[in-house]
Every structure is written in structure tokens, then in C-alpha cells.
Amino acid sequence: MEIDHILDKAEASPRALTRAELAALLSAEDADALFARALAVRMRASGRGVSMRGLIEAGNVCSKDCLYCGIRKGNAKVRRYEMGADEIVAEAVAAFKAGYGSVVVQSGEIASPARTAFVEDVLKRIRDAAGDGFGITLSLGEQDEETYMRWRAAGAHRYLLRIETSDPALYAKIHPADHSWQRRVEALRALARCGYQVGTGVMCGLPGQTFDSLAADIEFFAQIDADMIGMGPFIPHPDTPLGASAPWNAQIAAERLDLGLRMIAATRLYLHDVNIAAATALQALAPDGRERGLLAGANVVMPNVTPARYRADYKLYVGKPCIGENAADCRACIQRRIESAGGTVLWNERGDSPHWRKKCSHS
Ligand code: SAH
């Protein structure tokens, strides 16, 4: 009864729940009603359509040392690679020709004048080849506002920068001392000022994380007025400080997947009209993890279009799926999977979130 009442309120209007009510959804005994309501809200906001982004993992060289991440600077076991500009442009254009309305270029974090110029050149070349209607999302970490501005002017429309957790104390436990939660928030605000559609998100199932903290994460998404959300379960990587000590077995994996799906559903019920990705990390925990993400309220998937030879080296967590596949394999597979979850693939569409489109029509 209690849960039904919360779901009624959430479905009726966005941002209607208290933090305690969000936490109650995340910890409810039976999540089926939660998933069903979130799916109903997704259908109302964006229908059966599922937006596609081809994901290019452009390099794993990173100056950061996040305690959970497999490509952290301190992991000497990683074979480092950087795709060249020609290669990144070729993959983006191939994705465009294959019907992807947008791509995401993601990599480890490098901040330097040379890096800024390199990415700027790549963006201009992709835009020249694919035109202005093609969506380009960047996920290249924290940069200064001028760099964000230059990349925006060169053709990037959207930027993904997860806050990882909205709790500064928890953030400090999962990062080295010189990584700053405040700086990350500032970066998110700079991105909004530069006119990007801003995406953020968190990992769920971090050591010490509570339902209350995850509920606060969802409130944080509203506070920064995010247009897109990408969230995923924390999956320990054995060659990292946090991963080496985190317990892991089949039961924990199943619970972590369930928590990831609950976060998608509760976020959909709180924000209604943002884009929410069914992250690859869901699929790492179950073969049908992304389909379940769509049924819990997600409306975006990001099939990997990175050349097969690099995929195994971009391992943020263990069990990453599809590392032996190429872009064409992923395209056919994902279409089948999305249709099995009652969705329709939006090929050749940029797929801006309804939330963003509403903001634009008001200003
Ligand atoms: N360098 C970019 C891209 C980071 S990788 C940036 O700083 O934004 C993309 C995301 O992978 C991270 O934001 C983090 O949330 C996620 N990730 C990293 N390690 C992970 C792990 N062990 N389990 C689950 N997700 C992880």
C-alpha cells in the first residue's frame, strides 16, 4: 500500500518524492511494480523508441587514479593505447553510415593544450563528414571551461561526466586525496554554461553506500538539471585498490544488478523526461542486463563500435561483454535485444532528451 501510494505520486508529476520515499522505492521488497511504473513513465515521455549511440573507446591513457577503475594510472598491468585522429574519425563516420544517429567518444582523462587541439580537430572532421545533425557526445573527464567551449564550438553537443556519488565523504573514500568532488561539480556547471546537454550519473553498490545516499544522488541529478543519466552497478576490478578488497560472488552480482535497475527506475520516476542509458555494466552482470534496463525505464543504449583490437584493453571492470565482437555484430545483436524488450530502434536519429527539447523551447 505504502509503495503503491509513492508510485502514484511519482507517476503523477516529476520531482514529487521526498528523499525517504526515493529510498523506500530503492529498498522495496518487490521491485516489479517499481519497474512497471517506471516503464509507463518512460513510454509517456519518449514512447517505444530507443536511442542509439555508438561508443568509441578512444584511449585508455589516464592521468587519474580512481580507486575502483581498471584503467587508473596506477594499474601497471594495462596495455595502454590511444586511437589516432584518423582512426577515431573513421569509426565515427562508419557508425554514421551504419545508421547511428550519434556517437560517444570516451577515454581516460588527459588535460593538456595538445589534447584540447587534438579533440577539436577530430570533432571538426567528424562534423564535416557527417553534418550538423549527427550527435557527438564526449566523455573525456574534467577539463577547463575554455576547453569545453572549444569542443562545443567544434561540434560536440553533449557531455557525460558522472559525479560517481553525490556524497563528498563517500567520493573521498573512493578517490585519491588530490581528486576533488567540488571540482567535478564545477565541471558539470561549466558544461551547462557552454551549452552542452549534460549527462551525469553514479555507480551503485559502492562500499559504504546507503539507500539514503543513492536517493540523494537522484536529487542531485535534479539539482544540476541533468539532461541525461548514465548509471551502473559497481563491479570490482581485481587490479584496483577498491576492487581487490570488495567481496564478489554470484549472489552479490545478482543483487548489484537489481540495485542498478532500481536506480534506473527510481530516477525515471523522479525526473520523467531525461534520457537514461542502459549501461554496458548491466550486461556484464547478466546477458539480458540492458534489456532489463530498458524495461526498468532506460531509453538509450550505447553499443560498442570500438575496433575489436582495442576493446580488451579498455576494461574499467571485469566481465566486460562483447570484447571479441566488431561493430556490425553489435548492431544486429542490439536491434534484436531492443525489440525483445518491446522497443523500437531509432536509427538515424540524434535522440536529444525530451527534457532538453523542452528547455530549448522555453528559452
Ligand atoms: N575519463 C572519463 C570516462 C570515465 S570511464 C571520465 O572521467 O568521466 C566511465 C565510467 O566508468 C566512470 O565514470 C565510472 O562511473 C565507470 N566505472 C569505472 N570503474 C568502474 C567499475 N569498477 N565498475 C563500474 N563502473 C566503473
Residue by residue through segment 159-176, note down the ones that are more than 10 Å from the ligand (Cβ to nearest atom), assigned to a loop (DSSP other than H, G, I, E, B) and open to solvent by less than 40 Å² (accessible area, probe 1.4 Å).
Ser166, His175, Pro176
Do we find that Ile56 is crowded, with 22+ Cβ neighbours inside 10 Å, within 11 Å of the ligand (Cβ to nearest atom) and not aromatic (Phe, Trp, Tyr) in this structure?
no
So Phe96 clears everything in (1) in contact with a helix residue (DSSP H, G or I) (Cβ under 9 Å, 6 or more places away or on another chain); (2) modelled with pLDDT under 95 except one condition, right? Which one?
(2)
Among the residues of segment 137-146, how many are of a type in the set (Ser, Thr, Tyr) and open to solvent by 10 Å² or more (accessible area, probe 1.4 Å)?
1
I'd like to know if segment 223-236 contains one or more residues that are of a type in the set (A, V, I, L, M), open to solvent by less than 30 Å² (accessible area, probe 1.4 Å), outside any strand (DSSP E or B) and within 24 Å of Arg72 (Cβ to Cβ).
yes
Determine the pairs where a residue that is near the ligand (Cβ under 10 Å from one of its atoms), located within segment 198-211, has a partner that is among the basic types (Lys, Arg) and in a loop (DSSP other than H, G, I, E, B) with Cβ atoms under 7 Å apart, the partner being 6 or more residues away or on another chain.
Thr200/Arg162; Gly201/Arg162; Val202/Arg162
Could you list, in sequence order, the residues of segment 202-228 that are of a type in the set (Gly, Ala, Ser) and at negative phi?
Ser213, Ala215, Ala216, Ala222, Ala226
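Give Val198, Val185, Val202 a once-over and let me know the one that is surrounded by fewer than 21 Cβ atoms within 10 Å (Cβ to Cβ), among the aliphatic types (A, V, I, L, M) and within 22 Å of Met263 (Cβ to Cβ).
Only one candidate qualifies: Val185.
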Subset of segment 272-318, residues part of a loop (DSSP other than H, G, I, E, B), open to solvent by 20 Å² or more (accessible area, probe 1.4 Å) and farther than 25 Å from Ile218 by Cα, comes to Pro287, Ala312, Asp313, Lys315, Val318
Looking only at segment 323-343, and only at residues there that are touching a helix residue (DSSP H, G or I) at 6+ places or on another chain (Cβ under 6 Å) and not polar (S, T, N, Q), the one that is modelled with the lowest pLDDT:
Ile323
Would you check which residues across segment 69-110 are more than 23 Å from Val300 (Cβ to Cβ), among the small types (Gly, Ala, Ser) and either in a loop (DSSP other than H, G, I, E, B) or touching a residue at least 40 places away in the same chain (Cβ under 8 Å) (or both) and list them?
Gly70, Gly74, Ala76, Gly84, Ala85
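So how many residues does segment 91-117 have that are hydroxyl-bearing (Ser, Thr, Tyr) and surrounded by fewer than 17 Cβ atoms within 10 Å (Cβ to Cβ)?
So the count comes out to 1.
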Considering segment 242-258, residues that are over 10 Å from Leu285 (Cβ atoms) and within 12 Å of the ligand (Cβ to nearest atom), and then whichever is least open to solvent (accessible area, probe 1.4 Å), we arrive at Gly243
Could you list, ordered by first residue, the pairs with Cβ atoms under 9 Å in which the first is in segment 310-334 and more than 30 Å from Pro241 (Cα to Cα) and within 13 Å of the ligand (Cβ to nearest atom) and the second is part of a helix (DSSP H, G or I) and open to solvent by less than 50 Å² (accessible area, probe 1.4 Å), at least 6 apart or interchain?
none
Need pairs with beta-carbon distance below 7 Å; first residue in contact (Cβ under 8 Å) with a residue 24 or more places away in the chain and within segment 238-250, second near the ligand (Cβ under 9 Å from one of its atoms) and of a type in the set (Gly, Ala, Ser); sequence gap 6+ or separate chains.
Asp239/Gly70; Thr240/Gly70
Answer with yes or no whether Ala266 is at negative phi, surrounded by fewer than 20 Cβ atoms within 10 Å (Cβ to Cβ), among the hydrophobic types (A, V, I, L, M, F, W, C) and away from the ligand (no atom under 16 Å from the Cβ).
no
How many residues of segment 1-41 are open to solvent by less than 40 Å² (accessible area, probe 1.4 Å), small (Gly, Ala, Ser) and in a loop (DSSP other than H, G, I, E, B)? The answer is 3
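The values are calculated or read from the model by the stated rules, or taken from the named source; none is laboratory data. A quick note: this is a predicted structure, and the numbers were derived from the prediction, not measured. Glycine also receives a Cβ, built like all others from the backbone with ideal geometry; neighbour counts cover every protein chain displayed. To get the accessible areas, we keep the full protein, side chains included, count just its heavy atoms, and leave off ligands, DNA and RNA. Shrake-Rupley method; radii C 1.70, N 1.55, O 1.52, S 1.80 Å.
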